[in-house]
1. Take each of the peptides 54-65, 14-25, 230-241, average the number of other beta-carbon atoms within 10 Å over its residues, and list them starting from the highest.
2. Could you grab the relative contact order for region 184-277? Cα pairs under 8 Å, six or more apart, rounded to a whole percent.
3. In terms of Cα to Cα distance under 20 Å, which aspartates and glutamates are near enough to residue 23, apart from those fewer than 8 places away along the same chain?
4. How much mean residue ellipticity at 222 nm does the chain get from its helices, if each DSSP H run of length 4 or more adds -39500 (n - 2.57) and you divide by all residues, to the nearest 500 deg cm²/dmol?
5. Where does helix 135-148 land angle-wise versus the long Cα axis of the chain, in degrees 0 to 90, nearest 10?
6. Within the set 178/234; 175/253; 98/192; 4/98, which residue pairs have Cα atoms separated by over 31 Å?
7. Hey, what angle do you get for helix 159-178 against the long axis of the chain, alpha-carbon based, 0 to 90 degrees rounded to 10?
8. Here are labelled values, [x] 1.01; [y] 1.13; [z] 0.96, and one is the computed Rg/Rh (Cα atoms, Kirkwood Rh) for what I pasted. Which one?
Amino acid sequence: MIIKDEFLSQLRKIFDLNLYEAKVWTALLSRGVSTAGELSNISDVPRSRTYDILESLEKKGFIVMKIGKPIKFVALKPEEVVERVKRNLISNASERSKRLEELKKDSVLGELTSLFDNGIKFVEPSDMSGSLRGRQNMYNHLDMMVRAAEKNITIATTEDGLNRKMETLLPAFEKAKKRGVSIKIAAPITEKNIKIAKDLMKVAEVRDTKGVNLNGRFAIVDSNQLMFMLIDDKHVHPNYDVAVWLTTDYFAKSMEQMFNLAWDGFGEVEDVKSAGKVKGLKK
């Protein structure tokens, strides 16, 4: 049986399978019912590994073992497999989330925190820096910065970036505002993100950079932490986006001062008409 590598690769990503699991599963789908020996021959998977692979697929809900001799395995409808995988993912995620919540009250977290607090005493503030790869990692770190903010948050972003920040960071922004943190966000405001901009105005000051050609993505928190993105988000896949995070009073304050000088030159958020014209929005 010949299955294209591209198809196998898709299956592995979608269903979180290894190569042998994908090969054996597709081999069984092509037969409906089969023995381990037959599947080994069809799929080109070593016979010594086939039983382990079939046992793994059975536990994941992809197949059913048929009682009798010789032992045979029955393929399930792909639609049923999708539903089973989805239910298992939801169940596993719920269980892991519950365990993590319980960890907050556990002594293990206290010991981990103690280790960190003791270790951090010997770290120079300038050493608290690093690179972040992948947009999800970047937003996780930015969320952490916002949640820890005590005084101010300054963000410059892109048209699409404004939408992403609303989706990812709004809960953290709302809590920051309740703590009395000042939040400033600058981005090009267009028909694509005008609604998001108005929603963000409930928790932050938002200005339009469309007329001043500010092309950059960065965030500054409490004038000492800085995170800036290295690649234009229009030209990079989210998985390959890259950012640098620094703890540096000097650089963060310099960037913040430049941003504040430009702030008054940014436009007020306005209604964007479908014709491309703007109409003033009363605050």
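Just so it is clear, none of the values below were taken in a lab; they were calculated from the coordinates. Small disclaimer: the values here were computed from a predicted structure and weren't measured. Cβ: placed from backbone, ideal geometry, glycine included. Neighbour counts: every protein chain shown.
1. In decreasing order of mean packing, 54-65, 14-25, 230-241 become 14-25, 54-65, 230-241.
2. It comes to 33 percent, rounded to a whole number.
3. Excluding near neighbours in sequence, the set is 5, 6, 38, 44, 52, 55, 58, 79, 80.
4. It comes out at -16000 deg cm²/dmol, rounded to the nearest 500.
5. Orientation of helix 135-148: about 50 degrees from the principal axis.
6. Values: 178/234 33 Å; 175/253 24 Å; 98/192 37 Å; 4/98 40 Å.
Table pairs above 31 Å Cα-Cα are 178/234; 98/192; 4/98.
7. Result, in degrees: 70.
8. Checking each listed value against the structure points to [y].
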